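Notes follow once the structure below has been shown.
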Amino acid sequence: MYFLSSLDQKKLFDKVLRAAREVGVSEDLRGWNWNRPPLRPVYEEKIPMYSVCSKYCPTSRDVFLNKVKGITGKTNEPVILGTAIHKTVSTVISSFLDGSIPSFDDWYAETLRSKNVSCAIDAVKEKAKTVWNYVLKNCEIQYTNRLSEQPYASRRDALATSVPFLVEHKVSGELLGLSGLLSIDCYDYLRGIVFDLKVAHEYKDWYRLAPTGYAIVLESVYEVPIDAGCIVYLWFQGNELRASKDMFFINDDLRSWWLEERDQKLSIVAQKMDPGIPPKCYEDCIYREACRG
Ligand code: SF4
């Protein structure tokens, strides 16, 4: 999922990191400058990253409904599938790093009991199992390759360099007007890449906003530059798993766009301003019932 193929590595080194070196990033758009404009938030309110970055609703009324009116969206199958796949990927990688991998069926049954009963949908379970096996196999291959290249490496060293991922990494976005409980799908700490996983096939340019925001947050907390973002698209063709990556340089344009979105969404919440209903809504909107009746 988050492992780089040889083609991905070429894109990272020859395109993304080259652009980062040649073009660079404006100093005032680096996260460590969170305490001065344009990064310093104008409002005291805090909102989650998904509120800043989601552009499914054309007017951002979803943010108003959720954060001002306190309405929770109605879960639908795409949301259940997305949640199950995210949980599956992070569980496999974390378990692999911990050296203790549960059986998929036991884990899924337990997750079902403790989290979300509606995950009982059989199709979701089958897809989660496919993803589980795929991620586990990839972890094993990377680890075995690493050990074969460096036979004197300790287990810890081989794991840390073959599966160099912080998954569901918890970090605070408070310095930037965000929630203190952010969770990043994956951060590759060896190559400095922020990953965001999408259970979707259709490319959307605004999906790049989330890794951009997380990179700025990581810069604000750890004070290290982060220049690379990657969206992992994952979808199913029948029962076959498909995946592709959109790797990009987190440049000034993306950083400025993310700031515009943050400021606009924060102003909706701070001023309790209803942005209104657009002529055309997102088909699978989870607020449709509460919003349009
Ligand atoms: S129903 Fe339409 S206006 Fe309301 S939140 Fe959804 S997309 Fe936005």
Subject >> Residue order, fewest to most beta carbons within 10 Å, for Cys186, Cys57 >> reply: Cys57, Cys186
Original post:
GNM, the chain, Cα, under 10 Å: largest mean-square fluctuation among Gln264, Gln150, Gln142?
Top reply: Gln150
Subject >> the chain: most fluctuating residue of Pro151, Pro78, Pro38 per GNM, C-alpha cutoff 10 Å >> reply: Pro151
Subject >> Linear extension gain, Tyr56 paired with Trp235, 0.36 nm per residue minus alpha-carbon span >> reply: 62.6 nm
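Please get the size of the charge dipole for region 128-261, origin at its Cα centre, with Cβ charges of +1 on Lys and Arg and -1 on Asp and Glu, quoted in debye to the nearest 20.
I would put it at about 660 debye.
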Subject >> Lys, Arg +1 and Asp, Glu -1 on Cβ, resulting dipole of region 15-155 about Cα centre, debye, nearest 20 >> reply: 420 debye
Subject >> Pairwise FRET efficiency - Gln9 versus Ala160, Cβ, R0 = 22 Å, nearest 0.05 >> reply: 0.75
Original post:
Tell me, how many Å apart are the Cα centres for region 49-71 and for region 231-248?
Top reply: 26 Å
Original post:
Percent antiparallel among DSSP beta bridges with both residues in the chain, to the nearest 5?
Top reply: 75 percent
**OP:** Take the alpha carbon atoms of region 125-200, find their center, do the same for region 259-293, and report the distance between the two centers in whole angstrom.
**Re:** 33 Å
Original post:
What FRET efficiency comes out for the pair Gln264/Asp106, r = Cβ-Cβ distance, R0 = 41 Å, nearest 0.05?
Top reply: 0.35
Original post:
Taking the chain as a Gaussian network, Cα atoms linked when under 10 Å apart, which of Tyr189, Tyr50, Tyr222 shows the biggest mean-square fluctuation?
Top reply: Tyr222
Original post:
Dipole of region 6-292 (Lys/Arg Cβ +1, Asp/Glu Cβ -1, origin at the Cα centre): which of Ile231, Tyr187, Ala128 lies farthest to the positive side?
Top reply: Ala128
**OP:** Name the long-range amide H neighbours of Ala228: under 5 Å, sequence gap of 5 or more, or other chain; modelled H, no Pro or chain starts.
**Re:** Val194, Ile250
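Read-outs throughout are calculated quantities, based only on the coordinates presented, and are distinct from any laboratory measurement. Just so you know, these numbers come straight off a predicted model, no measurement behind them. Here the Cβ is made from the backbone with ideal geometry for all residues, glycine too, and neighbour counts use every protein chain on show.
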